[in-house]
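Input: a single structure, listed below in structure tokens.
The values are calculated or read from the model by the stated rules, or taken from the named source; none is laboratory data. These numbers come from a predicted model, not from an experiment. No Cβ is skipped: glycine too gets one built from the backbone with ideal geometry, and neighbour counts run over all protein chains shown.
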Amino acid sequence: MARVICPVNSPGLPANLARMNLLEVRNLKVHFPVKHGVFSRVNAWVKAVDDVSLTVAPGETVGLVGESGCGKTTLGRAIIRLLEPTAGSVTFEGEDITTLEGAALRERRRRFQMIFQDPVGSLNPRMTVGQIIGEALDIHHLVADEQAREQRIGKLLKDVGLDPQHAQRYPHEFSGGQRQRIGIARALAVEPKLIVCDEPVSALDVSVQAQIINLLQDLQREHGLAYLFIAHDLAVVEHISHRVVVMYLGKVVESAVSKAIINAPKHPYTQALLSAVPVVDPDSKRQRIVLPGDVPSPINPPSGCPFHPRCPVAEARCKTEVPALREVSAGHFAACHLAK
């Protein structure tokens, strides 16, 4: 079974925050049944997340990267129990939250939140901004009275760069970047320790992306937040992450500190992703690696290494032997027979 055991004191992480793992995901699987026929019999399984392990320390940002359909969002949703895992464990602050139900899960869920990709669809158009943010305060009984509630909502809006008077407006009155700021304020309302950011800037203009990324970093420093930052753009992930985990077809194929992934990627898939990142230097000699075909179906993944049908350096054994996720160099893990 593949396991990613990453050191807590990762390079780039502030020493005062790198003490213990806030989140530990161990051998997590999320499989969806494919039903067929009149009696809805299960005849196959979609292995969206297949034996993934990772850790996040307090105050750390772990970037989760991969193409669309590799299982990033499914993993993020399973971690905070918006989807039920098929197997494995998710330990948050020392407690396995996969065993919690009802009120116990609701109480624990206050400590981890999610920022969604779509800043339009994630906000209820029939509720004002104040109602959207205040709903979480009401559910968890975090304010004593209406005056304290209004003050708290106003402060949250101010913290994300909006005017407290915007609390009376509706989501459709805001731009995409402003709506995402509202989503961030909603996530902050319950004072979480971990926020899963599901491609929070992919639907925004480039200039607005930079503003949101800078806001997230400012909030992290102010509140000591930890992020699991899901994205398909390595350039964005490089800017915000302390460590990077690369996924392909539901599995982790590489994991290391951000600088190691960017400067010396070990897995051919990571190398291909990195080659697609635009560079400012016109004299750069980076060669574009174009992968043939599409990501295989998670219903019927390839034998051996799941990447071998598209890999430019695959050997005969790659078709039959599943590569273990091994430590190629200090703190740098790769699931490739040829990684050195």
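Computed quantities for the displayed model
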| quantity | calculated |
| --- | --- |
| Pick from the stretch 156-208, criterion hydroxyl-bearing (Ser, Thr, Tyr) and more than 16 Å from the chain's Cα centre (by Cα), ranking: farthest from Asp218 (Cα to Cα) | Tyr170 |
| Single residue of the stretch 329-340 satisfying the filter (among the hydrophobic types (A, V, I, L, M, F, W, C) and touching a strand residue (DSSP E or B) at 6+ places or on another chain (Cβ under 9 Å)) that is nearest to Asp51 (Cα to Cα) | Ala335 |
| Hey, Gln165 of a type in the set (S, T, N, Q), in a helix (DSSP H, G or I) and surrounded by 12 or more Cβ atoms within 10 Å (Cβ to Cβ) or not | no |
| Looking only at the stretch 111-162, and only at residues there that are closer than 20 Å to Pro200 by Cβ, among the β-branched types (Val, Ile, Thr) and in contact with a Lys or Arg (Cβ under 8 Å, 6 or more places away or on another chain), the one that is surrounded by the fewest Cβ atoms within 10 Å (Cβ to Cβ) | Val120 |
| Of all residues making up the stretch 140-155, the number that are modelled with pLDDT under 90 and more than 31 Å from the chain's Cα centre (by Cα) | 1 |
| Single residue of the stretch 315-328 satisfying the filter (over 17 Å from Val52 (Cα atoms) and either touching a Cys at 6+ places or on another chain (Cβ under 7 Å) or without any contact (Cβ under 8 Å) to a residue 40 or more places away in the chain (or both)) that is surrounded by the most Cβ atoms within 10 Å (Cβ to Cβ) | Cys318 |
| Count of the stretch 292-340 residues which are hydrophobic (A, V, I, L, M, F, W, C), under 25 Å from the mean Cα position of the chain (by Cα) and outside any loop (DSSP other than H, G, I, E, B) | 3 |
| Elements of type strands (runs of 3 or more DSSP E) contained in the stretch 205-261, each with 1 or more residues being polar (S, T, N, Q) and in contact (Cβ under 8 Å) with a residue 40 or more places away in the chain | 251-257 |
| Meets criteria (of a type in the set (Phe, Trp, Tyr), under 25 Å from Ser53 (Cβ atoms) and out of contact with any strand residue (DSSP E or B) (no Cβ under 8 Å at 6 or more places or on another chain)) for Tyr269 | no |
| Subset of the stretch 192-203 (residues that are more than 19 Å from Gly66 (Cβ to Cβ) and crowded, with 21+ Cβ neighbours inside 10 Å) | Leu194, Ile195 |
| Of all residues making up the stretch 97-118, the number that are under 22 Å from Glu191 (Cβ atoms), of a type outside the set (Lys, Arg) and within 20 Å of the chain's Cα centre (by Cα) | 6 |
| Qualifying residues in the stretch 149-204 (those that are of a type in the set (Lys, Arg) and in contact (Cβ under 8 Å) with a residue 12 or more places away in the chain) - the one nearest to Val25 (Cα to Cα) | Lys193 |
| Test: residue in the stretch 218-227 that is within 12 Å of the chain's Cα centre (by Cα) and within 23 Å of Leu273 (Cα to Cα) | yes |
